[in-house]
Amino acid sequence: MQLFTLPILSEYPMILTLLGLIAGGLLTLLVGQKSEKGGRALAALSLLGGLFLNVLLVLQIWNGGTVFHDIVWLGNAANPIMTLGFLGDGLSAAVAILILGLGLFSVLFSFVYMKELENPGLYYSLMVWFIAAMVGVVYATNLMQFFIFYELMLIPAFILVYLYGVSEDAQERSKNALQFWVWTALGGLISLFATFILFGATGTMDIAALYSAPLAVTTAQTIGILFLLGFGIKLGLVPLHVWAPPVYREAPMPVLVLLSGAMTKTAAYGVIRIVIPIIWASMETFATGLMAIAIITMFYGAMMAIAQKDLKMMLAYSSISQLGYLMFGYSSMTLIGLSGAAFQLINHGILASLMFFCAGALKMKTGTLQFDKLGGLAPKMPAFATIFIIGALALAGTPPLSAFAGEWMIFAGAAQLATSADATLVHVILTILGVVATGLTAGYYLWSVRRIFYGQVPAELEQVDDPPKTILGIGAILALIVVVLGVWPWILWRFMNPVLSGLLGGW
């Protein structure tokens with residue numbers, strides 16, 4: 001049953017979202033050449049319109065329904081060679097709203113943070129197109145369509161890092177941006193190679209049709225390894241993470257929010273939508289190895305975060321560590337573990353973005369993110385300190401904030417695997433190590449709170465006060481979502497779980 005319908009808008013929300021973002025980005029580019037305020041307003045309105053359309057989509061599918069459109073791209077209706085499909089369900093709509101919401105907040109944050117922009121029309125149009133490509137990824141029902149959008153999103157992301165990176169040295173910016181391009185494009189090409197093997201084995205690129213297509217075990221395992229390698233690069237799993245630290249260091253904060261909070265989630269979404277329902281049953285042999293990679297990623301990211309002297313880089317390595325939790329949930333090969341990973345996909349996108357926004361606000365007000373130059377700021381910035389501490393406690397897995405529910409489901413899935421008939425001592429040890437990793441996360445986040453907000457206030461920061469209301473408003477909304485999802489996780493659970501159960505089939 002649909003809760004809400006609106007003619008035309010309710011019929012084609014996904015197509016209209018993409019068309020609106022593409023056209024909005026173009027208008028932003030043109031108007032922004034003459035008026036920065038006009039370009040900024042068009043970028044924000046484009047994203048607000050896309051968010052509104054996806055809220056309409058959610059209202060239509062609230063009770064477990066789907067919205068699907070299929071357009072013949074090559075061939076004709078009687079004999080289609082390739083189609084463009086758009087699927088809205090409890091999983092794709094949730095990720096699309098995450099991307100669009102973070103995109104809108106990043107643009108609004110840029111109004112205050114990105115001062116004296118060179119060519120603001122280009123900056124804001126690239127932000128809109130970057131978001132459009134990511135939304136296209138999560139709507140796709142065809143593997144080729146998926147990877148067209150998957151690769152297109154690299155173009156605006158590369159230009160944003162190259163032109164608007166924080167390094168004053170153009171050569172340094174170029175090196176970091178090129179490293180980002182090469183590694184993430186390589187990940188896409190590896191996944192595309194897996195797609196062609198899959199097409200050769202099944203004769204179709206339709207994702208839904210592939211769910212029931214027969215595959216030889218060895219072929220499925222080869223495809224699965226290639227997909228996981230390709231998606232693992234984009235996710236930043238260790239040891240495929242080498243592109244992430246320099247790019248996270250280089251990217252301006254609003255762009256970094258989209259890289260960490262949204263772009264990496266398209267790869268996590270690809271694992272859930274493509275890899276798990278098509279070939280996961282053939283990957284049981286590799287479950288232990290995947291769990292080990294996830295544990296290494298969790299511990300490496302956490303240890304590197306502890307070693308950082310700069311808040312931005314602490315958050316960067318924390319993001320790498322947190323993405324290891326997603327793979328840990330996947331590798332449990334249980335419904336509750338996968339549900340926890342899907343929950344954390346949304347939750348980490350919100351929390352990582354909240355913390356990077358906080359880092360940007362702190363840099364604006366103090367001029368530094370070096371821990372040894374900060375301290376005692378809680379009385380000076382009470383509203384900001386409250387928002388930051390909520391985000392830090394949530395990422396530390398503190399109940400009843402949102403990360404607790406996701407981590408609980410992930411570790412419950414691992415425990416279910418560790419106590420199954422086929423379990424070994426290794427599974428038990430890996431599960432225990434996963435729980436231990438949360439202690440490290442709590443340690444470095446609480447330490448960052450101590451170093452920033454308590455102790456002696458440096459003399460040069462005596463006059464610091466709370467950030468502008470726009471930034472506080474963004475942080476307050478994200479912090480409120482963190483609390484709501486922590487107290488009532490079923491809001492997201494009931495929406496996504498029917499899709500996840502269907503993808504897992506008889507598991």
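Data overview
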read-out: Segment 399-428: number of residues that are in a loop (DSSP other than H, G, I, E, B) and surrounded by 19 or more Cβ atoms within 10 Å (Cβ to Cβ); value: 1
read-out: Any hit, segment 461-468, residues being more than 21 Å from the chain's Cα centre (by Cα) and outside any loop (DSSP other than H, G, I, E, B); value: yes
read-out: Top-ranked residue of segment 493-507 - restricted to ones that are out of contact with any Gly (no Cβ under 9 Å at 6 or more places or on another chain) and among the hydrophobic types (A, V, I, L, M, F, W, C), ranked as modelled with the highest pLDDT; value: Trp493
read-out: Subset tally (residues that are at pLDDT below 90 and either outside the structural domain of Asp466 (by TED's automatic domain parsing) or not hydrophobic (A, V, I, L, M, F, W, C) (or both)) for segment 385-406; value: 6
read-out: One residue from Ser106, Ser167 being at pLDDT 95 or above and of a type in the set (Ser, Thr, Tyr); value: Ser106
read-out: Any hit, segment 434-443, residues being polar (S, T, N, Q) and either touching a residue at least 60 places away in the same chain (Cβ under 8 Å) or touching an Asp or Glu at 6+ places or on another chain (Cβ under 8 Å) (or both); value: yes
read-out: Segment 124-155: number of residues that are without any contact (Cβ under 8 Å) to a residue 60 or more places away in the chain and touching a Leu at 6+ places or on another chain (Cβ under 7 Å); value: 2
read-out: Exclusive hit being over 22 Å from the mean Cα position of the chain (by Cα), on the phi < 0 side of the Ramachandran plot and either modelled with pLDDT under 95 or not acidic (Asp, Glu) (or both), set Ile97, Ile71; value: Ile71
read-out: Helices (runs of 4 or more DSSP H) fully within segment 174-271 counting 3 or more residues that are under 26 Å from Phe343 (Cβ atoms) and in contact with a Ser or Thr (Cβ under 6 Å, 6 or more places away or on another chain); value: 217-235, 253-258
read-out: Top-ranked residue of segment 436-476 - restricted to ones that are of a type in the set (D, E, K, R) and touching a helix residue (DSSP H, G or I) at 6+ places or on another chain (Cβ under 9 Å), ranked as modelled with the highest pLDDT; value: Arg451
read-out: Count of residues meeting criterion [within 18 Å of Arg494 (Cβ to Cβ) and of a type in the set (Gly, Ala, Ser)] in segment 391-410; value: 3
read-out: Hits in segment 35-72 - residues which are out of contact with any strand residue (DSSP E or B) (no Cβ under 7 Å at 6 or more places or on another chain), in contact (Cβ under 8 Å) with a residue 40 or more places away in the chain and among the charged types (D, E, K, R); value: Glu36, Arg40
read-out: Identity of the residue in segment 455-507, among the small types (Gly, Ala, Ser) and exposed (fewer than 14 other Cβ atoms within 10 Å of the Cβ), that ends up nearest to Ala383 (Cα to Cα); value: Gly473
read-out: Search result, residues across segment 288-315 that are surrounded by 18 or more Cβ atoms within 10 Å (Cβ to Cβ) and under 20 Å from Thr222 (Cβ atoms); value: Leu290, Ile293
read-out: So Ser212, is it small (Gly, Ala, Ser) and under 20 Å from Cys358 (Cα atoms); value: no
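Matching residues to (1) among the β-branched types (Val, Ile, Thr); (2) closer than 22 Å to Gly360 by Cβ; (3) surrounded by fewer than 20 Cβ atoms within 10 Å (Cβ to Cβ):
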| site | (1), (2), (3) |
| --- | --- |
| Pro120 | no, yes, no |
| Gly136 | no, no, no |
| Leu143 | no, no, no |
| Ile148 | yes, no, yes |
| Glu151 | no, no, yes |
| Leu154 | no, no, yes |
| Ile159 | yes, yes, yes |
| Ser167 | no, yes, yes |
| Phe180 | no, yes, no |
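Residues checked against (1) part of a helix (DSSP H, G or I); (2) surrounded by fewer than 15 Cβ atoms within 10 Å (Cβ to Cβ); (3) modelled with pLDDT under 90; (4) outside the structural domain of Ile71 (by TED's automatic domain parsing):
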residue: Gln2; (1), (2), (3), (4): no, yes, yes, no
residue: Ser10; (1), (2), (3), (4): no, no, yes, no
residue: Leu29; (1), (2), (3), (4): yes, no, no, no
residue: Ala44; (1), (2), (3), (4): yes, no, no, no
residue: Gly50; (1), (2), (3), (4): yes, no, no, no
residue: Leu53; (1), (2), (3), (4): yes, no, no, no
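The values are calculated or read from the model by the stated rules, or taken from the named source; none is laboratory data. None of these values were measured; they are calculated from a predicted model. Note: ideal-geometry Cβ built from the backbone for every residue, glycine included; neighbour counts use all protein chains shown.
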